[in-house]
Amino acid sequence: SQFSGGLKPDLIIPFKYDKKAAKEALNKYVASKKMVPKIFKDQNHIDEIKGVYVPHWLFTGTAVAAADFTAERVRTWSDSNYNHTETSYFSCYRSGNMNFANIPVDGSTKMDDTLMESIEPFNANEAVPFSTAYMAGFLADKYDVGLEASIPRANERVKNSVVSALEKTVTDRMYTAVIPKGSQVDIANGSYKYALYPVWLLNTTWSGKKYTFAMNGQTGKFVGDLPLDKGAFWKKVAILTAP
């Protein structure tokens, strides 16, 4: 009943990875990190593991953007008397249009937004029309962050992406440094869909602290925070800085 009427999602991406795969991914993830305390690798255990369909708003539109940059190019040379440094400054202007499709914004306050964005991308082309049949054996929740409240984050992601793309056309010209000065991004032809994305959530406790991990249930991408072996870290720093 939580997914009927106006709360019914348009799309759903079914899980491709099961619980066993999520457990194996955690073990591989921990084992691959050299700066994790050995005792954590040996003693950590999974407190909870659950597959969750996380509500997302998907935004599509066109960005019309313009940006100004200051670029620098440094040239050095020497003669018999002096070492010379010449710094040239350039004013660069870029503009263009970019199309965006299915930009996801987490629609649940229960999920950490940074964690959800870290396991992206999801392939929205593999989404299918929503059916409750896909939800059997998994948890799910309706959105509690509405459409209007999600638009600012979607716009921010569009702006960051388009300005970064414009800046890259400047940095590719072999400047020594590129400094953004200002930008204007307008979004047109906006549309949206409501979708459920598959996520595995794992919790483990060690030394009185809770650690949370997430895995993309479609692609298998795995992220999470881990404790740091400070002794190993500073030993590594000492080795790198000694020369």
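The values are calculated or read from the model by the stated rules, or taken from the named source; none is laboratory data. The shown structure was predicted, so the numbers you read here are calculated from the model rather than taken from an experiment. All Cβ positions, even for glycine, are placed from backbone atoms using ideal geometry, and neighbour counts span all protein chains on display. Just the protein is used for accessible areas: all its heavy atoms, side chains included, with ligands, DNA and RNA removed. Shrake-Rupley method; radii C 1.70, N 1.55, O 1.52, S 1.80 Å.
For the reader, a short list of remarks on this structure follows.
- Surrounding net charge for Y17, when Lys and Arg each add one and Asp and Glu each subtract one, Cβ distance under 14 Å: +4
- Among the protein heavy atoms, those of R73 account for about 90 Å² of accessible surface (1.4 Å probe, every chain in place).
- Here the accessible area of the chain is 51 percent carbon and sulfur, with a 1.4 angstrom probe and all protein chains present.
- Within-12-Å neighbourhood charge of S161 [Cβ basis; K, R +1; D, E -1]: +1
- Once Cα extents along the principal axes in Å is calculated for the structure shown, the corresponding label among (1) 61, 60, 33; (2) 60, 42, 35; (3) 80, 53, 26 turns out to be (3).
- GNM remark for the chain: springs join alpha carbons under 10 Å apart, and the peak mean-square fluctuation among V145, V162, V170 falls on V170.
- If the segment from M98 to R173 were pulled out straight at 0.36 nm per residue, it would be longer than the present Cα-Cα gap by 24.9 nm.
- Largest mean-square fluctuation among I46, I13, I151, in a Gaussian network model of the chain whose springs join Cα atoms under 10 Å apart, belongs to I46.
- Theoretical gain in end-to-end length, S164 to V64 [0.36 nm per residue, Cα-Cα removed]: 34.6 nm
- E24 paired with D186, simple spin-label distance in nm, labels 7 Å along Cα-to-beta-carbon: 5.2 nm
- Net length available on complete extension from I46 to W77 is 5.2 nm, with 0.36 nm assigned per residue and the Cα-Cα distance removed.
- Expected 222 nm ellipticity per residue - DSSP helices of 4 or more, -39500 (n - 2.57), all of the chain, to 500: -8000 deg cm²/dmol
- Compared with the dominant Cα axis of the chain, that is its longest principal axis, helix 230-241 is turned about 20°.
- When the C-alpha to C-alpha distance is required to be over 30 Å, the pairs from K28/K50; K19/K110; K110/K159; K16/K159; K8/K221 that qualify are K16/K159.
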